[in-house]
Amino acid sequence: MTLRFVACVEAGRLEGETLLLCDSIRRFGGAHAASRISAYRPREGEPLSAATRDRLAALDVELIEDPLNREHAYYPLANKVYAAAHAESTTEQETIVVCDSDAVFLSEPGELALAPGIAAAAAPVGRVGDGSTGPGHDNDPYWERLYELAGASERPFTETALRGRRIRAYWNTGLVALRRDAGLGQQWLDILKTLIAERHFPERGIDHVEQLALAAALARSVGEVAKLSPAYNYRITRRDRLRGPAAELDLPDIAHVHYMRSFHVRGFLETLEPPLDRKSEQFRWLGERLPLKPEIVLSAADSGPIWKRIRNAAEGQLERRSFDTGPEA
């Protein structure tokens, strides 16, 4: 099973994040370490630095700067959907792996090599949020209309990543593997365009419409959708809230970490509970590269969950341009 990793990069904080992501694939990807990687810059804007271009070339990363996202350039999260559809139609690898830039791979991601009959693989969202637990839930009319607009006849369910609540199948788009010949990348884009044109947004607005569009695309897929294990799309900012097998994982056990800006905070890894093994190769490797720039400084006066403190600080200290992940899902 051949993979092509796809991520988005734009000038600013995404440069360092994307370089770290690509570097991690080459270092810890195991059998997939030499896979093709495409870094997309799908909107017009400030050019990348020469240093970023040189480093991408050194990592053998294909940089694609076609302005694919013209129609929805105001919506950064559409970037990855345009990139997924383009990669699906222009490459030859069997599986397209769409990654948010604020993530790293720390061990071989074997679950992304899709087995026969599997059309896609993803991790469920952490909590219900814009999802629905089914009939009677406040959000369920939204989901019924979502399925109708997408032409999805199935109504699949899964469980949330944090508390295992049963919800309509709602997947986090921070890491998605799509079998190329299933055409799901283009379907994802088509449904996204429909939802925006119809202004079919949840109560919180457009923020997660790209994620909802994926849920609809996978609901109508002719192939099975595999649920990734807790070692994928691992939400490290919520480490202290994880239960079950996820709570026992250390960095060498984790295939893919979604860090949600936390790697911009100096000393973040050292503050986590339960503590991480500082002697592991992965911990040392990250320690040599963190914090990413620009650095986020947390106020000593702030209280609350670490993910919320980082999110609030990031909104004031980082430019909200480029491929932003939005609020945690």
(request) Only residues that are surrounded by fewer than 21 Cβ atoms within 10 Å (Cβ to Cβ) and within 16 Å of residue 246 (Cβ to Cβ): list them for segment 256-275, please. (result) 272, 273, 274, 275
(request) Name the one entry in 31, 7, 51 that is of a type in the set (A, V, I, L, M, F, W, C) and outside any helix (DSSP H, G or I). (result) 7
(request) Please specify each residue of segment 194-217 satisfying the condition of being outside any loop (DSSP other than H, G, I, E, B), open to solvent by 10 Å² or more (accessible area, probe 1.4 Å) and touching a residue at least 40 places away in the same chain (Cβ under 8 Å). (result) 194, 196
(request) Working only within segment 218-250, note down all residues that are open to solvent by less than 20 Å² (accessible area, probe 1.4 Å) and either part of a helix (DSSP H, G or I) or of a type in the set (A, V, I, L, M, F, W, C) (or both). (result) 218, 219, 228, 231, 236, 237, 238, 239, 246
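Taking the options 116, 109, 124, name whichever one is closer than 16 Å to residue 228 by Cα and without any contact (Cβ under 8 Å) to a residue 12 or more places away in the chain.
After applying the criteria, what remains is 116.
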(request) Among the residues of segment 34-54, write down those that are in contact (Cβ under 8 Å) with a residue 40 or more places away in the chain and either on the phi > 0 side of the Ramachandran plot or not hydroxyl-bearing (Ser, Thr, Tyr) (or both). (result) 36, 42, 45
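Just to check your reading of the model, which residue among 39, 50, 78 is open to solvent by 30 Å² or more (accessible area, probe 1.4 Å) and either at pLDDT 95 or above or under 17 Å from the mean Cα position of the chain (by Cα) (or both)?
On the way: 39 fails: open to solvent by 30 Å² or more (accessible area, probe 1.4 Å); 78 fails: open to solvent by 30 Å² or more (accessible area, probe 1.4 Å).
Checking each option against the conditions leaves just 50.
If you take the residues in segment 273-314 that are among the small types (Gly, Ala, Ser) and at pLDDT below 90, which one is nearest to the chain's Cα centre (by Cα)? Spell out the reasoning first.
First, the residues of segment 273-314 that are among the small types (Gly, Ala, Ser): 280, 287, 299-301, 303-304, 313-314.
Add one more test, that the residue is at pLDDT below 90, and what stays is 299-301, 303-304, 313-314.
Working: 299: 27, 300: 29, 301: 31, 303: 27, 304: 24, 313: 21, 314: 18 Å.
That would be 314.
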(request) Identify the single condition in (1) closer than 30 Å to residue 85 by Cβ; (2) touching a Pro at 6+ places or on another chain (Cβ under 9 Å); (3) open to solvent by 60 Å² or more (accessible area, probe 1.4 Å); (4) modelled with pLDDT under 85 that residue 317 does not satisfy, given that it satisfies every other one. (result) (1)
(message) All but one of (1) open to solvent by 30 Å² or more (accessible area, probe 1.4 Å); (2) part of a helix (DSSP H, G or I) hold for residue 45; state the number of the condition that does not hold.
(response) (2)
(message) Checking residue 126 against (1) crowded, with 24+ Cβ neighbours inside 10 Å; (2) modelled with pLDDT under 95, only one condition comes out false. Which one?
(response) (1)
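Can you confirm whether segment 284-293 contains a residue that is within 27 Å of residue 170 (Cβ to Cβ) and touching a Leu at 6+ places or on another chain (Cβ under 9 Å)? Spell out how you get there, then give the answer.
Going residue by residue through segment 284-293, those that are within 27 Å of residue 170 (Cβ to Cβ) are none.
No, segment 284-293 contains no residue that is within 27 Å of residue 170 (Cβ to Cβ) and touching a Leu at 6+ places or on another chain (Cβ under 9 Å).
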(request) Scan segment 145-169 and report the pairs whose first residue is within 18 Å of residue 229 (Cβ to Cβ) and among the β-branched types (Val, Ile, Thr) and whose second residue is open to solvent by 80 Å² or more (accessible area, probe 1.4 Å) and modelled with pLDDT of 95 or more, with Cβ atoms within less than 9 Å and a gap of 6+ or a chain change. (result) 158/166; 158/227; 160/166
(message) What's the number of the only condition in (1) within 15 Å of residue 146 (Cβ to Cβ); (2) out of contact with any strand residue (DSSP E or B) (no Cβ under 8 Å at 6 or more places or on another chain) that residue 240 fails to meet?
(response) (1)
(request) Please verify whether segment 87-95 includes one or more residues that are at pLDDT 95 or above, of a type outside the set (S, T, N, Q) and in a helix (DSSP H, G or I). (result) yes
(message) Considering only segment 133-155, I want to know if a residue exists there that is closer than 13 Å to residue 232 by Cα and either open to solvent by 20 Å² or more (accessible area, probe 1.4 Å) or in a strand (DSSP E or B) (or both).
(response) no
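The values are calculated or read from the model by the stated rules, or taken from the named source; none is laboratory data. Here the structure is a predicted model, which is why all the values come from computation and not from measurement. Every residue, glycine as well, gets a Cβ built from its backbone with ideal geometry; the counts of neighbours run over all protein chains shown. Heads up: the accessible areas ignore ligands, DNA and RNA and are worked out on the full protein's heavy atoms, side chains in. Shrake-Rupley method; radii C 1.70, N 1.55, O 1.52, S 1.80 Å.
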